[in-house]
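Q: Pasting a structure here, questions to come.
The values are calculated or read from the model by the stated rules, or taken from the named source; none is laboratory data. These numbers were taken from a predicted model, which means no experiment stands behind them. Here the Cβ positions follow ideal geometry from the backbone for every residue, glycine too, while neighbour counts run over all protein chains shown. Quick note on the areas: whole protein, heavy atoms, side chains included, nothing else; ligands and nucleic acids left out. Shrake-Rupley method; radii C 1.70, N 1.55, O 1.52, S 1.80 Å.
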Amino acid sequence: MSNFNKYKSKYTRSWKKSRRKMTGFSDLPPHRCQRNWCGGLLSKPKNLAFSPCFGKKNRFRKSSLILTVLSLLAVFGFAGVIATAGLFIWIGKGLPNVSSLSFRLVPQSTKIYDRTGETVLYDIHGEEKRTMIRLSEAPEFLKQATLLAEDREFYKHGGINWKGILRAAIIDVLSGEKAQGGSSITQQLVKNAILSSEKTFTRKIKELILSYRLESQFSKDEILEMYFNEIPYGSTLYGIEAAGQSFFGKKTKNLSLAEAALLVSLPKAPSYYSPYGNHREELVARSHFILDEMVKSGFISPNQAKEAKDYDILKNVLPYREKIIAPHFVMYIKDLLAEKYGEKMVEQGGLKVVTTLDLDKQKLAEEAIAQYVERNEKEFGATNAALVSLDPKTGQIFAMVGSKNFFEPNFGSVNVTLRTRQPGSSFKPIVYAAAFLKGFTPQTALYDVNTVFKTLIEGEYSPKNYDEKEHGALTMKQALAGSLNVPSVKTLYLTGINNVLDLADKMGYTTLKDRSRFGLSLVLGGGEVKLLEHTNAFGVFLADGNFNPTTPLLKVEDDKGNVLEEFQPNRIKVLDEEIYRNIIDILSDNSARSFIFGINNYLVLKDRPAAVKTGTTNDFRDAWTIGGTPSLTAGVWAGDNLNKEMKKGADGSKIAAPIWNYYMSKALEGQPAEEFVKPLPIITGKSVLDGRAVFQKEVRIDKASGKLATEYTPKSFIETRFYSEVHDILYYVNKDDPRGPAPQNPSEDEQFENWEKGVADWAERNNIIPSSPPIEYDHLHTPSNFPMLEILNIYSGMTINDRNLDIRVQASAPRGVKRIEVSLDDELLLNSPYSSIVNFSIPQQFPNGKHILKIAVFDDIDNSATKELEIKLSF
């Protein structure tokens, strides 16, 4: 047998054995291949329509390829396992012995500074607080809550929660975001007690190795005990005992179910969920979730969970005791840093954080609130206030006071500058800026009259002004300056809600994304905003139309002095100069708003111009004042801690503006005054956009009929009359093309009928009677009424020898012939009652030669007939 046949026979037998094993055909009788290539040694099922070699020579090659690929995969897989094992061994060589947790890194203090880099606002680490406890001292419900919140499989896995890691990985892929909850309690202990906070692949391998070693050397209960003593609960608090003592003044064994659920909620993100931070509602929600999970798992009853939820847990958290300057601002910084660099880096990483805070302005902001908050509470029921101040040219935060007293129990640590509140009329400048962008002008005429608006969101909407009065015809400038509601709602409709929200997006608002929620009440504060973003949006007007994102950070360095981030200007042009100049011109014009606010008000700085706007929600829950100069912006909110209604009259000009004025006056004291650039006059040539609300229409009327004059109406019977039109703007303007032609059918606009009715009702109440010109034309001066005229004794070309001339005529008319006129060369020589014979003398001034003789007869309304003859004078 040749070598080839030996090889073929060997391969065929081997392949046949493999084939039968894979297909289950080993019990079938042999058959010979149709092509006889493989020696006929293969088996074939009786009902199969093809040979196992498919009758093709390449079956051998295909099978060979599959075996080769499988072999290569096996080799590479084995090599991968060897390489991975080698990597784990190599990385694990330098790792500490977990039999003693004394190898934990020494935490380094993160310091937060003011903008000078000299004054420490807060030392995040400070003196570490840690009190060790035995696991037996922890209540059972604390252990149960911890396992449900952090690691349900703790007592089942070997230190690594592969299910959790896989679940987190899947969520990462599906959501595109970093998932949490993948690490086991053992891994968390390793991360917090031994490893650094770096986020690298090798660090993750170290975590897995150490977790395995830890599980090999300690029991589950010992690991859980170490977890309770090592895990951070925020700031300088490490371990459950220190957390219980600091937040509730209790030892771990004395914690209630509600208190335990709150403490168990913290390790996931200690800065974010801090009871002294800006996410207190989220903290409570997480603790309630844990209680619900305990009910589902049968650890507690529904009644126990309800009792724990009903307990006002935040009210019983002890006041903050650490030394801290500008606490609301510092907690805001902590949140931002934790989001960027992780909780552990912020708590233990030794960062040097230079912020934008101006310590002098911060003290003035705190002074301003302290100066007026007691008076506001006594007179208006406003128990709280907040202030934020920025540089409009950069977006840097100079001062932030989130409440009247950070250390006040229950509500003090809430940072209102970051909370969403309804802004009232302080949102109006955004709407008017969008209107000017669309083509409307500050002089655009509107009617401030009681009006019903048809809306999808509010239904039939009938806003009222703050003073509950109608102010009639006025301009957009007057409406914004006086903060009038009805014309502002009209302005929003004319502008379009989406156009306003597009501009709001560009100006930095993040809370107005769900556009389906907003109707025409948006202009009156129907969309919630954050005081910080609202104040910065006003900075766009003050910073030459540029948006500068807010920033509280100038520089962040790690513990080795490496710069992690540093402030860089990021200006984005949002408004053209004439738009922002017109808004500033309106908001800084005290005389323009005096008809509502009076001349003497808190919106005026005594030594410099300032552009400022107030706002008040219609139920007196929120009062605002926002505004500033080209170098300083400030926003103030005043209201009640529990969101209760304040006393009637608690508007922004009375309880927020005094705080704003105090701060701005003191902060700018000694600084040179900055003037605003005046906008250019706008003349569109369209009366309603140029300020005319009541129109005088000039019309030519026939005195005889009282109807519109025609080309047949004689001049002697034409008079000019003026008619007053009282219509709202939709009569003259297409809202989608305000500077284009007037609408041919204004009634097609859905608001037209109601707007016109509002104006008509107002005009009637104020004895303003609009007059309309006639629509019919003169029917008396028509060709059918013209006289008939014939001259009997003079003809064209005739020579006249005598200056005394008799003219005989024959005339008739439907209305009768009343008079006759004779003129020579257009000089009237005779005007007398009609007679068939008229006599007159030709004056000496007419020389011999050719002249034009004109004879006309008239009826009683000057319908006429005229004959002209060329005559020759010869005397």
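Q: Show me the ranking of peptides 114-122, 644-652 by mean Cβ neighbours inside 10 Å, starting with the highest.
A: Per-residue mean Cβ counts within 10 Å order the peptides as 644-652, 114-122.
Q: So, one more: For ASN766 and VAL699, calculate 0.36 nm times their separation in residues minus their Cα-Cα distance, and state this gained length in nm to one decimal.
A: Length gained between ASN766 and VAL699: 21.6 nm.
Q: Additional query: About the Cα centre of the range 338-415, how large is the charge dipole given +1 on each Lys and Arg Cβ and -1 on each Asp and Glu Cβ? Please answer in debye to the nearest 20.
A: 200
Q: Once both labels are modelled 7 Å past Cα along the beta-carbon direction, what's the ASP826-ARG152 spacing in nm?
A: Between ASP826 and ARG152, the simple spin-label model gives 10.7 nm.
Q: Taking θ as phi - 60°, what are the ³J(HN,Hα) couplings along the range 836-853 by the Karplus curve (6.51, -1.76, 1.60), each to the nearest whole Hz, with x for Gly and Pro?
A: 6, 10, 10, 10, 7, 10, 7, x, 5, 5, 8, x, 5, x, 7, 8, 9, 9
Q: Next up: Taking R0 as 56 Å, what FRET efficiency do you get between SER812 and LEU680 from their Cβ-Cβ distance, rounded to the nearest 0.05?
A: 0.25
Q: State the extension gain, in nm to one decimal, for the chain segment bounded by GLU566 and VAL120, taking 0.36 nm per residue of separation less the distance between their alpha-carbons.
A: 158.7 nm
Q: Please state, as a whole number in µm²/s, the translational diffusion coefficient that the Stokes-Einstein equation yields for the range 440-521 at 37 °C and 0.692 mPa s, with Rh defined as the Kirkwood radius across alpha carbon pairs.
A: In µm²/s, the coefficient is 241.
Q: Also, I was wondering about something else. Could you give the length gained by full extension between ASN498 and ALA370, i.e. 0.36 nm per residue of separation minus their alpha carbon distance, to one decimal place?
A: Between ASN498 and ALA370, full extension yields an extra 42.1 nm.
Q: Here is a follow-up. Can you pull the accessible area of MET788 for me, 1.4 Å probe, Å² to the nearest 10?
A: Spelled out: MET788, probe radius 1.4 Å, area about 130 Å².
Q: Could you tell me the relative contact order of the range 441-591? Use alpha-carbon pairs under 8 Å, at least six residues apart, and round to a whole percent.
A: 19
Q: Moving on to the next point. Pairs of Cα atoms under 8 Å, at least six residues apart: use those to get the relative contact order of the range 523-655, whole percent.
A: Once normalised by length, the contact order is 22 percent.
Q: GLU565's amide H: which non-local residues (gap 5+, or another chain) put their own amide H closer than 5 Å, with H modeled 1.01 Å from N in plane and none for Pro or chain starts?
A: Excluding prolines and chain starts, which carry no amide H, the hits are VAL556.
Q: Further question: Semi-axes of the equivalent ellipsoid for the range 325-475, please: Cα gyration tensor eigenvalues, times 5, square-rooted, ordered largest first, whole Å.
A: Working from the Cα gyration tensor, I get semi-axes of 40, 21, 16 Å.
Q: Order the peptides 678-686, 308-316 from the highest to the lowest mean number of other Cβ atoms within 10 Å of their residues.
A: Per-residue mean Cβ counts within 10 Å order the peptides as 308-316, 678-686.
Q: Then there is this: List the residues whose amide H sits under 5 Å from the amide H of THR551, counting only those 5 or more places along or on another chain, with H placed 1.01 Å from N in the peptide plane.
A: For THR551, whose amide H was placed from the backbone, the distant partners under 5 Å are GLN396, ILE397.
Q: Report the rotationally averaged projected area of the range 803-875 based on its alpha-carbon convex hull, in square nanometres.
A: 4.6
Q: Which pairs, out of LYS323/LYS606; LYS163/LYS191; LYS156/LYS340, put more than 30 Å between their alpha-carbon atoms?
A: LYS323/LYS606; LYS156/LYS340
Q: Going highest first, how would you order 729-735, 844-850 by mean Cβ packing within 10 Å?
A: The peptides rank, most packed first, as 729-735, 844-850.
Q: So how much accessible area does VAL540 have, in Å² to the nearest 10, using a 1.4 Å probe?
A: 0
Q: To the nearest 0.05, what FRET efficiency results for LYS163 and ASP736 with a Förster distance of 51 Å applied to their C-beta separation?
A: For LYS163 and ASP736, the calculated efficiency is 0.30.
Q: Show me, for the range 653-661, the HN-Hα J-couplings you get by feeding each phi into the Karplus relation (A = 6.51, B = -1.76, C = 1.60, θ = phi - 60°), rounded to Hz, glycine and proline as x.
A: 6, 9, 10, 9, 4, x, 5, 4, 5
Q: Quick one: which residues, 5 or more positions from ILE800 or on another chain, have an amide H under 5 Å from its amide H? H modelled 1.01 Å from N in the peptide plane, none for Pro or chain starts.
A: For ILE800, the qualifying residues are LYS872, LEU873, SER874.
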